[in-house]
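Visitor: Okay, handing you the structure first.
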Amino acid sequence: MGKYIIKRVLYAVLTLAVVITLTFFLMYLIPGGPFLSEKAPSAATTAALKAKYGLDQPVIVQFKNYVVNMLGGDLGPSLKQRGRYVSDIIAAKFPVSAKVGGMSVVVALVLGIPLGSIAALKRGKWTDKIITFFSTFGIAVPSFVMSTILVIIFSISLKLLPTYGLNTASSYIMPVAALSFYPIAYIARLMRSSMLDVLGQDYMRTARAKGLSTFKQLFKHAMRNAILPVVTYLGPMIAYTLTGSFVVEKIFTIPGLGKEFISSIVNRDYPMIMGTTIFLAALIIAMNVAVDIIYKLVDPRIKLQ
Amino acid sequence: MSEKLLEIKNERLSFFTPAGEVKALNDVSFSMDQGDVLGIVGESGSGKSVTAYSIMGLTADPGRVVGGEIHFNGHRIDQLKEKELRKIRGNEVSIIFQDPMTSLNPVYTIGNQICEVLLLHTKCTKQQAREKAIELLTLVGINEPERRMKQYPHEFSGGMRQRIMIAIALACEPKLLIADEPTTALDVTIQAQILELMVSLKKKIGMSIIMITHDLGIVSSICEKIAVMYAGKIVEYGTIDDIFYHTAHEYTKGLLNSIPKLTEKEHEKLVPIEGSPVDMLNPPAGCPFAPRCKSCMKVCLEKMPEYTHLSDTHYSACWLLQKKELEKQQEDTQIG
Amino acid sequence: MNNMNDKKPNPLTLQLDVSAFVPATQEEKENLVVMRDSVSFWKDGFRRLKKNKMAMTSLIIIIVVLILAFIVPSFYPYDYKTQIRGSENLAPMEYSDTELKSMEAGVSVFPHFLGTDSLGRDMSVRIMMGSRISLLVGIVASAIICLIGSLYGAIAGYFGGRLDQVMMRIVDMIYTVPDLIIIILLTTTLKYPLKSLAESNKAFAWINVVGVGLICIFIVFALLYWVGMARIIRSQILSLKEQEYVTAAKALGSGSGRIITKHLLKNCMGMIIVTTTLQIPSAIFTESFLSFIGLGVSAPMPSLGSLADTALDGISSYPYRLLAPAIMISLIILSFNLLGDGLRDAFDPKLKK
C-alpha cells in the first residue's frame with residue numbers, strides 16, 4: 001500500500017512538473033514574453049521583474065528563476081493590479097471559490113447518491129423514469145446554460161433571488177445550484193447503474209436468503225459495493241467544479257478565483273494566468289491522487305496488491 | 001407419526017415478463033419427511049431451482065406463485081408476508097447457491113458474514129457469535145479459523161468459499177438445507193469433498209437436504225429419493241432403486257443413456273436426447289417431452305399425461321404407462 | 001388431478017380414445033418445435049435501435065439541426081454578419097420602422113424570427129451559423145479523437161508487454177492533466193504564433209477565417225482528449241485478441257497491421273461508434289464553454305457559446321437572446337447523448353432483452 005502511495009505521488013509530481021514547464025514555455029510564444037508583453041506599469045515594477053527573473057537572460061535561466069521563486073511561494077507580481085502579487089490574489093480569492101465549490105460537491109453527493117439509488121430500486125416505474133429523465137437532461141445542460149436559465153427564472157421573472165455577490169445566505173442558492181446540477185445528474189446516473197449492477201449480484205441473493213431485512217440488505221450489502229464507482233468520480237467531479245466555477249462566478253459576479261482567472265485572460269495579465277494555471281493544476285492533480293488513494297483503501301479487493 | 005417436513009401441492013409459478021407469461025412451474029407436487037435427502041434432477045430451464053427458491057419465497061421479481069400450496073413444518077408458507085418469511089430464511093430453511101465465487105459479499109470479512117446470520121436469528125452476543133463462527137469454520141474444514149475469520153472472500157479458493165457458504169447456511173441449525181447445484185462450479189475432486197461434508201453434517205445435525213443438480217452421478221451418491229423434472233413438471237419420482245433400475249419415463253431413460261459409460265466400446269457414439277427444450281412462453285397442451293420422445297403417441301401431443309403409480313414410492317407422468325395400466329386393467333376385468 | 005397416494009382404478013379408463021394411443025408421426029412432432037431465426041449483428045442492433053423511441057427522436061432532431069445548420073443558411077435571406085442599419089435590438093417577429101415602411105410600399109420583408117442583436121444582425125441565422133460551428137467542432141474533434149484514440153489503444157492492446165506499459169503510463173499522465181485549464185492556456189498563447197503564421201504565409205491564410213481559437217481547440221483535442229477512447233479500445237482489443245480467429249489469421253501469415261485493422265478494429269466497430277457519438281456532445285460542450293469565456297471563435301463568426309456570452313449583458317431586457325443559444329446547445333448535446341446511449345444499448349450483446 002505504501003509503495004502504491006509513493007508511486008502515485010511521484011507520478012503526480014512528474015505530471016505537475018510537465019504542466020509547469022509547458023505553461024511557462026508556452027507563455028513565451030506571446031510576443032515579448034509574459035512579463036514584458038504589455039508596457040510595464042511602472043519603471044519600478046520593470047526593475048523588480050528584471051531583478052527577480054533576470055529578464056535579459058536566456059529563457060532557461062528565467063524558467064529556473066521562476067521555479068525557484070515558485071517553490072518559495074512567490075508567483076510574481078500581477079501586471080494589471082498594481083502593487084499586488086499573484087500569490088496574494090490567489091490566497092484572497094480562492095477561499096471564496098472553495099466555499100461555493102465545496103458546497104456544490106456536498107450537495108451533489110447528498111442529492112445524487114439517494115436519487116440514483118431510488119431510481120435503481122424503483123426500476124422501470126415512474127419514479128425511475130422521472131429521475132432518469134432529469135439526470136439525462138442534467139448532463140446535457142452545460143453549467144453556464146443552467147446558470148442563465150436560473151437567473152432568468154428566479155431573478156428576472158420571479159425576482160426571488162439576488163443575481164450578484166455573496167452577501168446573503170440566499171445568494172448562495174443559485175450559484176451552488178448551477179454548479180452542482182451536472183454532478184448531481186452524473187452521480188445519480190452512475191449510482192443508478194452501479195446499484196442495478198450490485199442488486200443483480202449473487203451476494204445480494206445470499207443476503208436475502210439469510211433473512212435480512214430489506215433495509216439491511218440495501219444499506220449494509222448493496223450500498224457499500226455500489227458506492228465505489230462514485231468514489232472514483234470524486235476526482236473528475238472536483239476538477240469539473242473548479243473549472244465550472246469560472247463560468248458561474250462570472251455570471252453571478254462572485255469574487256472568486258475563477259472570475260479572477262477569466263478577467264486575467266481578458267486583461268492579458270500573464271503572470272496571473274500562469275500562476276493561477278499552475279495553482280489550479282496542482283490542486284486538481286493533488287485531489288486526484290488523494291481520491292485514488294482513498295479508493296484503494298475502501299475496496300478490500302485491491303488492498304493487498 | 002412423523003409429520004411431513006415439506007409438502008408442495010400443485011404448485012404453479014409463472015414469470016410475468018414483457019414477452020409474456022413464462023409458465024415455469026406447471027403443477028408441481030411432492031413431499032419430504034424429516035431426514036430425507038431428495039435430489040431434484042433436470043436440465044437447465046426445467047424448473048428445479050425455481051421450485052427450491054419458491055419454498056423460501058426467494059422467487060426473482062417478475063415471478064409469482066399463481067397456484068397451489070407450500071407447507072413447511074406444518075405451516076402453510078406460500079402466502080406468508082415477507083416479514084414472516086424472513087424469520088424462516090437462514091433459520092429453519094437455508095440455501096447454498098451454485099457459484100461460490102460470487103455468492104459472498106466482497107467488501108466484508110467472512111467472519112462478519114457468518115456472524116451476521118447468527119446475530120440476526122439467535123439471541124447471542126457478538127462474542128458468542130464469533131465463537132460459534134469459529135466452531136462452524138472448523139466444522140466445515142477450514143484451518144486456522146481465528147485468523148481466517150478476518151479475511152475477505154477473494155482470499156479463498158472456490159472450494160473453500162463453498163465451505164464458508166455451508167457454514168453460513170448451517171449456522172442456525174436449519175431443518176432443511178437446499179443445495180442448488182453446489183458443486184457445478186467446482187473441480188471434481190473438490191466436488192467429492194463438499195458432498196462428503198454435506199453428508200457428514202447431515203448425520204451430525206439431522207437435517208434434511210434437497211439437492212438440485214443435473215448430474216446423476218451426484219444424485220446416485222448421496223440422495224435417497226429423486227424427482228426428475230422436465231419443463232416445469234415432475235415427470236418421475238422415486239427412490240434411487242426405482243429410478244436407476246426401474247426407470248419408467250422416457251426422459252429419465254434418455255438421461256441415463258446419455259451418460260458415457262466406462263464399459264462402452266471405443267467407437268460407440270454418445271447418445272444425446274434429440275431436440276431442444278420447450279418454449280415456456282407457449283407450453284404445449286400435451287406432454288412437454290413429446291416432440292423429443294421416441295415413443296410419442298398422438299395423445300401425448302394433445303393431453304397432459306396423468307400420474308401412474310408404479311409402486312408405493314414410484315410414480316411417473318406418461319401416457320405410455322397409462323396405456324400399459326389400461327391394458328392391465330382390461331386384462332384384469334376380463335379375467336376377473 | 002389424482003391424489004397420488006390413492007390407488008383407485010383410473011376413472012379415465014372410459015374417457016380415453018384408444019386411437020389416440022397410436023404413435024405420433026415425425027411431422028406432428030416437428031410442428032410443436034419452434035426455433036428462433038438467427039440474425040446478423042448489425043441487423044439485430046439496428047432493429048433494437050429502431051425500437052428505442054428516445055434514440056430515434058434524437059436522431060431526427062439531429063438531422064433537423066444539421067439541415068438548419070448546414071443547408072438553410074445558404075439560401076436564407078439574411079447573412080450572419082450583415083448589420084442592418086435601423087434594425088437593432090428587435091424583438092422576435094418585430095419589424096423596424098424602416099422595414100415597416102418597405103412593407104407598406106409593397107416590398108416583402110422576411111421576418112426576424114428571433115429578432116436581431118445590438119448590431120442589427122438577424123439572430124435566427126446567427127443561431128444557425130453558431131450551431132454549424134458547434135457541430136463542426138464536435139464532429140471534427142470527435143473524428144480526430146476516434147482516429148488517434150483507436151489506433152493508439154489498438155496498438156497498445158495488441159502488442160502488449162513493455163510497449164503497452166509505456167503507452168499506458170503516458171495515457172495516465174495525460175489523463176491527470178486538467179484539460180480545460182490547458183486548453184485555456186494553449187488558446188491564450190498559441191494565438192500569437194498562429195496569427196503570425198497566417199500573416200506571413202499565404203498558404204495558412206485560412207487560419208484567420210476559421211479563427212485561431214477554433215484551431216487551438218482542435219489542437220488540444222488531438223493532444224489530450226483521445227485518451228478515454230484509447231483506454232476503451234485497448235481493453236476491447238485485449239479481450240478480443242485471444243480469440244481463435246486472430247490465431248488463425250496469424251497462422252495464415254497476416255501481418256500485425258492487417259490483423260489490427262481487418263479483424264480486431266472491425267469487431268470493435270460497435271464500441272468505436274458508440275464512444276465517438278458520445279464524444280461529440282462533450283466536444284461541443286468544451287467549445288461552447290470556451291467561447292462563452294471569450295476564447296473560442298473570433299467575431300463576427302458566431303458560436304452558440306459566444307452568442308450566449310454577448311447576450312449575458314442584456315439579460316434583463318432581452319432574455320430570449322440568451323435562451324435561444326442556450327436551448328440550442330442543450331438540445332444538441334442532449335440529442336447526441338441519447339443517441340449514443342441508444343446505440344450502446346442496441347449494440348451491447350450483454351444487455352439483450
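The values are calculated or read from the model by the stated rules, or taken from the named source; none is laboratory data. Predicted model only: the values in this text are computed from it and were never measured. Heads up, the Cβs are rebuilt from the backbone with ideal geometry, glycines too, and the neighbour counts pull from every protein chain shown.
Visitor: Please specify each residue of segment B:29-41 satisfying the condition of being in contact (Cβ under 8 Å) with a residue 40 or more places away in the chain and more than 9 Å from the chain's Cα centre (by Cα).
Guide: Within segment B:29-41, the first condition is being in contact (Cβ under 8 Å) with a residue 40 or more places away in the chain, and the residues that meet it are B:29-30, B:32-41.
Scanning segment B:29-41 gives B:SER29, B:PHE30, B:MET32, B:ASP33, B:GLN34, B:GLY35, B:ASP36, B:VAL37.
Visitor: Let me ask something else about it. Checking the condition assigned to a loop (DSSP other than H, G, I, E, B), more than 21 Å from B:ASP33 (Cα to Cα), at pLDDT below 80 and touching an Asp or Glu at 6+ places or on another chain (Cβ under 7 Å), which residue from B:PRO272, B:PRO283, B:PRO277, B:PRO260 passes?
Guide: On the way: B:PRO272 fails: touching an Asp or Glu at 6+ places or on another chain (Cβ under 7 Å); B:PRO283 fails: touching an Asp or Glu at 6+ places or on another chain (Cβ under 7 Å); B:PRO260 fails: touching an Asp or Glu at 6+ places or on another chain (Cβ under 7 Å).
None of the other options fit; the residue is B:PRO277.
Visitor: For segment C:126-181, enumerate the residues that are free of Cβ contacts under 8 Å to residues at least 24 places away in the same chain and hydroxyl-bearing (Ser, Thr, Tyr).
Guide: Matches in segment C:126-181: C:THR176 only.
Visitor: Out of segment B:286-322, which residues are hydroxyl-bearing (Ser, Thr, Tyr), at the interface with chain C (Cβ under 8 Å from one of its Cβ atoms) and assigned to a loop (DSSP other than H, G, I, E, B)? First the steps, then the outcome.
Guide: First, the residues of segment B:286-322 that are hydroxyl-bearing (Ser, Thr, Tyr): B:295, B:307-308, B:311, B:313, B:315-316.
Imposing the further condition that a residue be at the interface with chain C (Cβ under 8 Å from one of its Cβ atoms) reduces the set to B:295, B:307, B:315.
Once the filter is applied, which keeps residues that are hydroxyl-bearing (Ser, Thr, Tyr), at the interface with chain C (Cβ under 8 Å from one of its Cβ atoms) and assigned to a loop (DSSP other than H, G, I, E, B), segment B:286-322 yields only B:SER295.
Visitor: Tell me the residue from B:GLU92, B:GLU155 that is under 20 Å from B:MET56 (Cα atoms) and within 14 Å of chain A (Cβ to nearest Cβ), please.
Guide: Details: B:GLU155 fails: under 20 Å from B:MET56 (Cα atoms).
After ruling out the rest, the residue left standing is B:GLU92.
Visitor: So, C:LYS81, is that one of a type in the set (Lys, Arg) and at pLDDT 80 or above or not?
Guide: It is false that C:LYS81 is of a type in the set (Lys, Arg) and at pLDDT 80 or above.
Visitor: Let me ask another. Taking the condition of being at the interface with chain A (Cβ under 7 Å from one of its Cβ atoms) and under 16 Å from the mean Cα position of the chain (by Cα), how many residues in segment B:55-89 meet it?
Guide: Count: 2.
Visitor: Scan segment A:258-282 for residues that are in a helix (DSSP H, G or I) and either within 9 Å of chain C (Cβ to nearest Cβ) or closer than 30 Å to A:VAL298 by Cβ (or both) and report the count.
Guide: Narrowing segment A:258-282 to residues in a helix (DSSP H, G or I): A:258-267, A:270-282.
Now drop any that are not either within 9 Å of chain C (Cβ to nearest Cβ) or closer than 30 Å to A:VAL298 by Cβ (or both), which leaves A:261-262, A:265-266, A:270, A:273-274, A:276-277, A:279-282.
Residues that pass the stated criteria total 13.
Visitor: Given the residues C:ILE315, C:ILE260, C:ILE284, which is the only one that is modelled with pLDDT of 75 or more and among the β-branched types (Val, Ile, Thr)? Quick ask: steps written out before the conclusion?
Guide: Numbers: C:ILE315 fails: modelled with pLDDT of 75 or more; C:ILE260 fails: modelled with pLDDT of 75 or more.
It is C:ILE284.
Visitor: Could you count how many residues in segment C:94-112 are surrounded by 15 or more Cβ atoms within 10 Å (Cβ to Cβ), assigned to a loop (DSSP other than H, G, I, E, B) and either touching a residue at least 40 places away in the same chain (Cβ under 8 Å) or not hydrophobic (A, V, I, L, M, F, W, C) (or both)?
Guide: We begin by selecting, within segment C:94-112, every residue surrounded by 15 or more Cβ atoms within 10 Å (Cβ to Cβ); these are C:95-96, C:99, C:109, C:111-112.
Of the ones still in play, those that are also assigned to a loop (DSSP other than H, G, I, E, B) are C:95-96, C:109, C:111-112.
From what's left, either touching a residue at least 40 places away in the same chain (Cβ under 8 Å) or not hydrophobic (A, V, I, L, M, F, W, C) (or both): C:95-96, C:111-112.
Within segment C:94-112, residues that are surrounded by 15 or more Cβ atoms within 10 Å (Cβ to Cβ), assigned to a loop (DSSP other than H, G, I, E, B) and either touching a residue at least 40 places away in the same chain (Cβ under 8 Å) or not hydrophobic (A, V, I, L, M, F, W, C) (or both) number 4.
Visitor: Then there is this: Give the number of residues within segment A:228-257 that are at the interface with another protein chain (Cβ under 10 Å from one of its Cβ atoms) and among the polar types (S, T, N, Q).
Guide: 1
Visitor: Out of everything in segment B:36-50 that is modelled with pLDDT under 90 and among the small types (Gly, Ala, Ser), what residue ends up being surrounded by the fewest Cβ atoms within 10 Å (Cβ to Cβ)?
Guide: Checked segment B:36-50; the qualifying residue surrounded by the fewest Cβ atoms within 10 Å (Cβ to Cβ) is B:SER44.
Visitor: Continuing with this model, one more query. In segment B:261-276, is there at least one residue being of a type in the set (S, T, N, Q) and surrounded by 13 or more Cβ atoms within 10 Å (Cβ to Cβ)?
Guide: Going through segment B:261-276, the residues of a type in the set (S, T, N, Q) turn out to be B:263, B:276.
Within this subset, residues satisfying the condition of being surrounded by 13 or more Cβ atoms within 10 Å (Cβ to Cβ) are none.
No; the residues of segment B:261-276 include none that is of a type in the set (S, T, N, Q) and surrounded by 13 or more Cβ atoms within 10 Å (Cβ to Cβ).
Visitor: In segment B:113-124, how many residues are under 14 Å from A:HIS221 (Cα atoms) and surrounded by fewer than 18 Cβ atoms within 10 Å (Cβ to Cβ)?
Guide: Here the count works out to 0.
Visitor: While we're here: Mind telling me which of the residues A:TYR164, A:TYR203, A:TYR182 ends up being away from chain B (no Cβ under 14 Å), buried (at least 19 other Cβ atoms within 10 Å of the Cβ) and of a type in the set (Phe, Trp, Tyr)? Spell out the reasoning first.
Guide: On the way: A:TYR164 fails: buried (at least 19 other Cβ atoms within 10 Å of the Cβ); A:TYR203 fails: away from chain B (no Cβ under 14 Å).
Just one listed residue meets the conditions, A:TYR182.
Visitor: Also: Suppose the filter is surrounded by fewer than 19 Cβ atoms within 10 Å (Cβ to Cβ) and facing another protein chain (nearest Cβ under 7 Å); does B:GLU325 pass it?
Guide: Numbers: surrounded by fewer than 19 Cβ atoms within 10 Å (Cβ to Cβ): yes; facing another protein chain (nearest Cβ under 7 Å): yes.
In short, yes.
Visitor: While we're on this one: Go through segment C:244-283 and count every residue that is part of a loop (DSSP other than H, G, I, E, B) and either surrounded by 13 or more Cβ atoms within 10 Å (Cβ to Cβ) or in contact with a strand residue (DSSP E or B) (Cβ under 6 Å, 6 or more places away or on another chain) (or both).
Guide: The first filter runs over segment C:244-283 and keeps only residues part of a loop (DSSP other than H, G, I, E, B), leaving C:252-255.
Within this subset, residues satisfying the condition of being either surrounded by 13 or more Cβ atoms within 10 Å (Cβ to Cβ) or in contact with a strand residue (DSSP E or B) (Cβ under 6 Å, 6 or more places away or on another chain) (or both) are C:254.
So the answer is 1.
Visitor: Of all residues in segment C:292-345 being more than 10 Å from chain A (Cβ to nearest Cβ) and among the polar types (S, T, N, Q), which is surrounded by the most Cβ atoms within 10 Å (Cβ to Cβ)? If you could, list the steps in order and put the result at the bottom.
Guide: Going through segment C:292-345, the residues more than 10 Å from chain A (Cβ to nearest Cβ) turn out to be C:296-303, C:306-307, C:310, C:313-314, C:318, C:321, C:324, C:339-340, C:342-345.
Narrowing the set further to residues that are among the polar types (S, T, N, Q) leaves C:298, C:303, C:306, C:310.
Working: C:SER298: 18, C:SER303: 31, C:SER306: 28, C:THR310: 19.
If we take residues in segment C:292-345 being more than 10 Å from chain A (Cβ to nearest Cβ) and among the polar types (S, T, N, Q), then C:SER303 is surrounded by the most Cβ atoms within 10 Å (Cβ to Cβ).
Visitor: Given (1) away from chain A (no Cβ under 14 Å); (2) among the basic types (Lys, Arg); (3) within 27 Å of B:MET211 (Cβ to Cβ), identify the lone condition not met by B:LYS126.
Guide: If we test B:LYS126 against (1) away from chain A (no Cβ under 14 Å); (2) among the basic types (Lys, Arg); (3) within 27 Å of B:MET211 (Cβ to Cβ), just (3) comes out false.
Visitor: Of the conditions (1) buried (at least 21 other Cβ atoms within 10 Å of the Cβ); (2) more than 7 Å from every other protein chain (Cβ to nearest Cβ); (3) assigned to a helix (DSSP H, G or I), A:ASN225 clears all except one; give me its number.
Guide: Failed condition: (2).
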